[in-house]
Every structure is written in structure tokens, then in C-alpha cells.
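Contents: one structure, followed by commentary.
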Amino acid sequence: MSVAGIVALAVLAVCAIYFIMVYNNLVMVKHNVSKAWANIDVLLKQRHDELPKLVETCKQYMKFEQETLEKVMQARTQVSQAREQRDMGALGAAEGSLRMGIDKLFAVAEAYPDLKTNETFLHLQGRISGLENAIADRREFYNESVNVNNVRIEQFPDLMVARMLNFGPFELLEFSASETGDVSVKQLFS
């Protein structure tokens, strides 16, 4: 074999090794996004299961607040549907509605002293608040994973491998402006 043949083989070997390394890194980044979504999904399911218990507990005390309870349950359904479809845009909007409903529910509960001291209510309120915090943390991790993936598949030379093997972008999980803005206490009680 000639020197030119050996050099050509060496170049092909280096290219093949580089291709494999890029592919493996893209696979890892893609699976990190899936893992981050799975973490959010678990928390959304847990909250989905806890909300009917909270609403049922509140119903016993809040006879005149049916509208608030119904809004929470409607938003819960919207979150569930968006989660099942993995529609990040719809999920973000539904999350905003649900969180506003939960905030209003907790604010209205302040007017019911018996409810505020009910052990089941306090446990569920603490559990749901903890889940909300965990969802916020996991959302940050998910969005970071999505960002890493989306940047990687757009950077040269990784984009050539990504396009060749159909690695695509993921959508960030963003909440509505009302979700990230200041809370209006007056609005909660109107």
C-alpha cells in the first residue's frame, strides 16, 4: 500500500471516529431532553392526582366558591391534555391558568377558618406547593436540556450529522406573561 493510500485510510478513520463521536453526543443530548421531560411529567401526574383531593376537601367548606373550584378542575384537564400531547405551548398556557386558579383557591381559603385548620387541607396545600416548586425546578432543567440540544444541532459541524440523521429541535416549556408577572391580590378576590 502506498503512502497516499495509508494517508487516505487514516483520514477516513479519523472522519469515521469523529462522526461516531458527534452522533453519540447528539444521542446523549436528545435523551437528556427526554429524561428532563419525564421528570416534569411525573410531577405533573402527581399534582394531577392531588388536585381532586384538595378540591373535594375545599368543597366541604366552600359552598359559595364553586366557580373557583370549577376553574381549577378545568385548568387541570387542560394541563393533562397538553401533557399527554407533549404540546409545550398549550402546556405553558394551561399551567398559567392552573397556577392562577390554585393561587385564588388558596387565597379564598383564607376566608374559611375551619378549612385553614383542617389537617387534610393543610397537608394537600403543602403537598401541592411542594410539587409546584419541584415543577419549576424541573422546568428549568428541561429548558436547559432543550437549549443544549437546539444549540448543538445548529452548530457546525454537528449540524451536518444532525441533519443527515434527522435530529430535530425541541420546544421550550414557557409560561404565559401572567404566570411570570406580579400577582394582583385584588384580582385574586374579584
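The values are calculated or read from the model by the stated rules, or taken from the named source; none is laboratory data. Only a predicted model underlies this, so the values are computations on that prediction, with no experimental measurement involved. Neighbour counts run over all protein chains shown; Cβ positions are idealised from the backbone, glycine included.
Matching residues to (1) assigned to a helix (DSSP H, G or I); (2) surrounded by 15 or more Cβ atoms within 10 Å (Cβ to Cβ); (3) free of Cβ contacts under 8 Å to residues at least 12 places away in the same chain; (4) under 14 Å from the mean Cα position of the chain (by Cα):
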residue	(1), (2), (3), (4)
L12	yes, no, yes, no
N25	yes, no, no, no
V29	yes, yes, no, no
E56	yes, no, yes, no
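For D41, state whether it is in a helix (DSSP H, G or I) and more than 29 Å from V161 (Cβ to Cβ). No.
The set of residues in segment 58-98 that are touching a residue at least 24 places away in the same chain (Cβ under 8 Å), touching a helix residue (DSSP H, G or I) at 6+ places or on another chain (Cβ under 7 Å) and of a type in the set (G, A, S) comprises A75, S80, G96, S97.
Pairs meeting the criteria (first residue in segment 99-119 and under 16 Å from V72 (Cβ atoms), second residue among the aromatic types (F, W, Y) and outside any helix (DSSP H, G or I), beta carbons under 6 Å, at least 6 apart or on different chains) are Y112/Y61; L115/Y61. Of everything listed in (1) in a helix (DSSP H, G or I); (2) more than 11 Å from the chain's Cα centre (by Cα); (3) loosely packed, with under 15 Cβ neighbours inside 10 Å, the single unmet condition for K63 is (1). Those helices (runs of 4 or more DSSP H) of segment 75-190 in which at least 2 residues are at pLDDT below 90, considering only elements entirely within it, cover 88-109, 113-116, 119-152, 177-180, 185-188. Is segment 88-99 home to any residue that is surrounded by fewer than 17 Cβ atoms within 10 Å (Cβ to Cβ) and acidic (D, E)? Among the residues of segment 88-99, not one is surrounded by fewer than 17 Cβ atoms within 10 Å (Cβ to Cβ) and acidic (D, E), which makes the answer no.
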